[in-house]
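The values are calculated or read from the model by the stated rules, or taken from the named source; none is laboratory data. Note that the structure is a prediction, hence the values are computed from the model and not measured. We place every Cβ from the backbone using ideal geometry, glycine too, and count neighbours over all the protein chains shown.
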Amino acid sequence: MSTVDMRVRVGALELRNPVMTASGTFGSGREYADFVDLSRLGAVVTKGVSFEPWAGNPSPRIVETPSGMLNSIGLQNPGVEAFCAGDLPWLAQRDVPVIVNVVGHRADEYAAVAERLDSEQAVHALEVNISCPNVDAGGMAFGTTCPAAADVVRSVRAVTSKTLIVKLSPNVTDVTEIARAVEAEGADAVSLINTLLGMVIDTRTFKPVLPRGVGGLSGPAVRPVAVRMVWQVAQAVSIPVIGMGGITCANDAAEFMLAGASAVAVGTANFIDPTTTVGVAEGLERFCAARGIGRVTDLVGAAWKKQ
Amino acid sequence: MCTEVPTPAIEPVVVVSNERVAEGVSRIVLDAPRTAGAVEPGQFVHLRISRHADFILRRPFSVHRARDGRIEILYQVVGLGTRALEDAVRDDVMDVIGPLGHGWRVPDGTKRALVVAGGLGAAPMGMLVERLAERGIEVTLAQGAPSAGRLLARELFDNLCSRAIVATDDGSAGLCGFVTVLSAEQLGRDRPDVVYVCGPEPMQRIVADQCAGAGVPCQVSLERLMGCGIGACLSCVVTTRNGLKRACVDGPVFDAADVVWDADGGQEGGR
Ligand SMILES: Cc1cc2nc3c(=O)[nH]c(=O)nc-3n(C[C@H](O)[C@H](O)[C@H](O)COP(=O)(O)OP(=O)(O)OC[C@H]3O[C@@H](n4cnc5c(N)ncnc54)[C@H](O)[C@@H]3O)c2cc1C
Ligand SMILES: Cc1cc2nc3c(=O)[nH]c(=O)nc-3n(C[C@H](O)[C@H](O)[C@H](O)COP(=O)(O)O)c2cc1C
Ligand code: FES
């Protein structure tokens, strides 16, 4: 038996270990229940939830790229009421903290979702997604300028007392500016990275493969970019950072924590192996034990902190 | 009437054989006792072909046949993944998630079935024809391919179907023309109780329209690019009269009458 203390804190939330699911890659958790004992995860982060139902984008919605993929799902979801009536009661029965990813076209839509969820006991935290590259209005548009990001976070902060995580876009010149702006508006944590804007062109048809042209790049291909951004943001803010982007194993997760992440999330790797999350959680414990590290939090920022 | 859905699982599989069976098409046999024992006709597996390539996603393949703890897949080489699959040799280890999806349904009281397969659309028809024959249902198969050398699973179909008729684009076997000519004739001749279709999406749509015109229930097996394969990522949506459905869990087999063709962009080419 290992004696590594795997607990981490994100805002008011205590997680039994640092490993969460990345929004949009794990459904509501229900889809993975045949493969993963959810109670062994730090938290389940749901797919994006909007106020009204959203239909998402036309097909094809994904295309594979070297060591990664582009997606253009477009945040298809049944809306917050259907979420509260369907997936949420199911999740409430599982022994795992639930973090709901919140999306909107306008600041008041984000706030409306947050307000609706504020009264739900089963929701432990909100992750405000100001970084989705796959919708025309809203999404990433909020995450790429400081005033817009601040505006959404202010609106949401005003209506919720739950732990508020803000998910940042990597498609910016200086991610630390945005991180500081949302911290100043009362965010309890930031998560990064969302997907990188990308494109694949079909050389037979001379047209982009995805109907919207662009899509979001994820998977192992983005990991070095994500680690660099976590490194920068963790040194720029004093709130916890949740790191993600291409994590496939415990070693990858450790890399993010050494860069300054207090917790990590596994996304695309769930498609490769649906048991990845649990494997990363167990592996991270072994990683610490093998090095005589007593608390997983000792890893956080160790790559740059002065001893 | 509904097929029971066994719980999917990850199963390590071992390659038993991998060989060309027609022009551009190979058959790989995998030792996969759990999946072979649980799979229903029309279901598929999500295959992780290689662990050390720069392509990361699994690839979905219909289970053509399942027996003696083994599953057979018929596949066409079209890209990175299927090229890697072609290189697999005996004793190579891969893994599958399966069995996945909702397969073909056999309505109560079915006596006569028409199976329409275009090209690789023959792949999900192997287990189906076996199941129908087992139940004493009279099966007519209408099969199409570009040429005689690309007609798949001839022996199996000839043995189990009461009639097997073919069409080729170049006339090298059977009718010179599209399989949809055969399906139209068959629907007019002895009216089947149900029609099963798989092949390129435009062809499936034509047969679905013929069936709607004839008032015969029709099931189609639709292909979409898939990420997770288990209902989580919404990569694989199909537009139906009841909203967006996921091909990986709600399909791949749909009642043709529910499908809103083309609305979601579909899959260019199909198989
Ligand atoms: C439920 C289901 C069952 C399937 N069963 C079979 C089967 O039994 N035998 C078989 O040969 N194939 C089957 N397919 C299609 C098979 O999954 C694809 O051919 C395969 O994923 C291609 O992988 P690749 O890496 O070789 O091609 P890629 O390099 O990924 O793509 C090469 C080209 O093929 C196209 N393509 C890729 N996937 C598909 C797809 N799903 N449909 C249409 N075009 C595609 C791409 O757009 C691209 O132009 C099935 C698909 C689904 C969804
Ligand atoms: C298919 C797919 C859907 C996604 N949907 C969402 C979403 O709804 N909300 C969100 O904040 N991020 C979404 N993301 C981004 C992921 O949560 C994650 O930030 C990103 O993919 C990087 O991590 P990864 O490389 O481990 O996948 C999605 C990613 C993928 C691949
Ligand atoms: S492939 Fe992920 S939902 Fe169907």
Original post:
Given the structure, is B:V220 surrounded by 18 or more Cβ atoms within 10 Å (Cβ to Cβ), free of Cβ contacts under 8 Å to residues at least 40 places away in the same chain, within 16 Å of ligand 2 (Cβ to nearest atom) and among the β-branched types (V, I, T)?
Top reply: no
**OP:** Within region A:59-95, work out how many residues are touching a residue at least 24 places away in the same chain (Cβ under 8 Å), in contact with a strand residue (DSSP E or B) (Cβ under 9 Å, 6 or more places away or on another chain) and assigned to a loop (DSSP other than H, G, I, E, B).
**Re:** 9
**OP:** List the helices (runs of 4 or more DSSP H) that sit entirely inside region A:213-307 and contain at least 2 residues that are out of contact with any Pro (no Cβ under 8 Å at 6 or more places or on another chain) and over 30 Å from B:R48 (Cβ atoms).
**Re:** A:223-236
Subject >> Residue identified as in contact with a strand residue (DSSP E or B) (Cβ under 9 Å, 6 or more places away or on another chain), assigned to a loop (DSSP other than H, G, I, E, B), within 14 Å of ligand 1 (Cβ to nearest atom) and modelled with pLDDT under 95 among B:G266, B:G227 >> reply: B:G266
Subject >> Among the candidates A:E127, A:E183, A:E81, residue that is of a type in the set (D, E) and within 14 Å of ligand 2 (Cβ to nearest atom) >> reply: A:E127
Original post:
Which of the residues spanning region A:98-108 are surrounded by fewer than 23 Cβ atoms within 10 Å (Cβ to Cβ) and either assigned to a loop (DSSP other than H, G, I, E, B) or within 16 Å of ligand 1 (Cβ to nearest atom) (or both)?
Top reply: A:H105, A:R106
**OP:** Would you be able to say whether some residue in region B:71-80 is charged (D, E, K, R) and without any contact (Cβ under 8 Å) to a residue 12 or more places away in the chain?
**Re:** no
Subject >> One residue from B:V194, B:V237 being within 16 Å of ligand 2 (Cβ to nearest atom), buried (at least 21 other Cβ atoms within 10 Å of the Cβ) and either of a type outside the set (D, E) or not assigned by TED's automatic domain parsing to the domain that holds B:F254 (or both) >> reply: B:V237
**OP:** Kindly provide the set of residues from region A:26-84 that are among the β-branched types (V, I, T) and more than 21 Å from B:T240 (Cα to Cα), ordered by number.
**Re:** A:V36, A:V44, A:V45, A:T46, A:V49, A:V63, A:T65, A:V80
Original post:
Filter region A:283-299 for residues that are of a type outside the set (K, R) and free of Cβ contacts under 8 Å to residues at least 60 places away in the same chain; which is surrounded by the most Cβ atoms within 10 Å (Cβ to Cβ)?
Top reply: A:L299
